[in-house]
Amino acid sequence: MFPLKTFVSERRAANLCQQIRWRDGVYCPRCRGESVIRYGSYRVFQRYRCKNCDRTFNDQTGTVFEHSAVELRKWFLAVSTYIRFNTSLRQLDVEIDVSYKTVYRRVQRPQEALDAPRPQLEGPVEIDELYVKAGLKGRERDRPSRSRGLSTCGRGTYEQDKPPVFILADRGTGNRYVLQAKAADESTIRLLLADRTEESLTVYTDGFRAYEPLDEDDAFDREFVVHGDGEYANGDVHVNTCESHGSLARSWLSPHRGVSKDKLTPYLRTFQPRRQVFRKPGEDALKTILETAL
Ligand SMILES: [Zn+2]
């Protein structure tokens, strides 16, 4: 169930923050010393003193929620609805009365700091691309609005504000990855497939030409289906897992449509934890989400 009580009580939110933050024990955020004693409180937060550097800190010190005029319980509500209900940041702005920029800075930007996923591929691996129509949100308007009159067909490019996003589905490990790229070309594809455990990696693709050089390479065993010919699966050879995962990614991005290409990565990164918490009950989901942020 959605943890409503946490969202109406600042003390409950503080307790949850304390529980998640110090799940491996309390330590000093400044010197990392573990010799700390309880030292009164700061508002609703427990305060501590470090015996090593003699400084004090509390449950919120050094977290993304520190020094915020917005209450912690509101932040937890924002994070919960954002990831579970796919709420746009604009909507959060309206619902919890915190400016879009503040929400972006606290809720979304920390996602940028997370390490890019490093796929360890076992294979067979399906690989496919989709193209996101990026806008100018979050970016200075450095040119007039795009003209909608002339549309161009074909695959998009980063320069045209249609950055390619690659979907990798590793059937060996069951892991799926959604990765933004600057270009849908051979060198990008090689980079994406670089980390693997098998000497020769079986790769399933569609008929896109950028995958063709893999045919010449002993490191890959490429098989493909040509969608243009109406062929979508040939036994095991298909990219259907990528396509269904891609459509989930598209619907995840949909409330954030118009996000500029250089702001797209954190939104795609958030898609990963969203998958992990999707079927968890509300309270567990919030804890899991906070573990990535605290
Ligand atoms: Zn210390």
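Screening 208, 220 for residues that are without any contact (Cβ under 8 Å) to a residue 60 or more places away in the chain, more than 28 Å from residue 104 (Cα to Cα) and not β-branched (Val, Ile, Thr) leaves exactly one candidate, 220.
Check the range 53-62 and report whether any residue there is among the charged types (D, E, K, R), closer than 30 Å to residue 264 by Cα and crowded, with 18+ Cβ neighbours inside 10 Å. No, the range 53-62 contains no residue that is among the charged types (D, E, K, R), closer than 30 Å to residue 264 by Cα and crowded, with 18+ Cβ neighbours inside 10 Å. Among the criteria (1) crowded, with 19+ Cβ neighbours inside 10 Å; (2) more than 28 Å from the chain's Cα centre (by Cα), the one residue 213 does not fulfil is (1).
With (1) of a type outside the set (A, V, I, L, M, F, W, C); (2) surrounded by 14 or more Cβ atoms within 10 Å (Cβ to Cβ); (3) near the ligand (Cβ under 9 Å from one of its atoms) as the list, and residue 35 as the residue in question, which single condition is left unmet? Among (1) of a type outside the set (A, V, I, L, M, F, W, C); (2) surrounded by 14 or more Cβ atoms within 10 Å (Cβ to Cβ); (3) near the ligand (Cβ under 9 Å from one of its atoms), the lone unmet condition for residue 35 is (2). Under the condition of being buried (at least 19 other Cβ atoms within 10 Å of the Cβ) and of a type in the set (Phe, Trp, Tyr), the residues counted in the range 63-108 number 4. Within the range 268-282, which residues are modelled with pLDDT of 80 or more and surrounded by fewer than 16 Cβ atoms within 10 Å (Cβ to Cβ)? Hits for the range 268-282 are 279, 280, 281, 282.
Here the helices (runs of 4 or more DSSP H) wholly within the range 176-294 that include at least 3 residues being polar (S, T, N, Q) are 240-253, 264-277. Would it be correct to say that residue 68 is modelled with pLDDT under 95, touching a helix residue (DSSP H, G or I) at 6+ places or on another chain (Cβ under 6 Å) and not acidic (Asp, Glu)? Considered against the rule, which asks whether it is modelled with pLDDT under 95, touching a helix residue (DSSP H, G or I) at 6+ places or on another chain (Cβ under 6 Å) and not acidic (Asp, Glu), residue 68 comes out as no.
The values are calculated or read from the model by the stated rules, or taken from the named source; none is laboratory data. Quick caveat, the model's predicted, so the values are computed rather than measured. Reconstructed Cβ throughout: ideal geometry from the backbone, glycine too, with neighbour counts over all protein chains shown.
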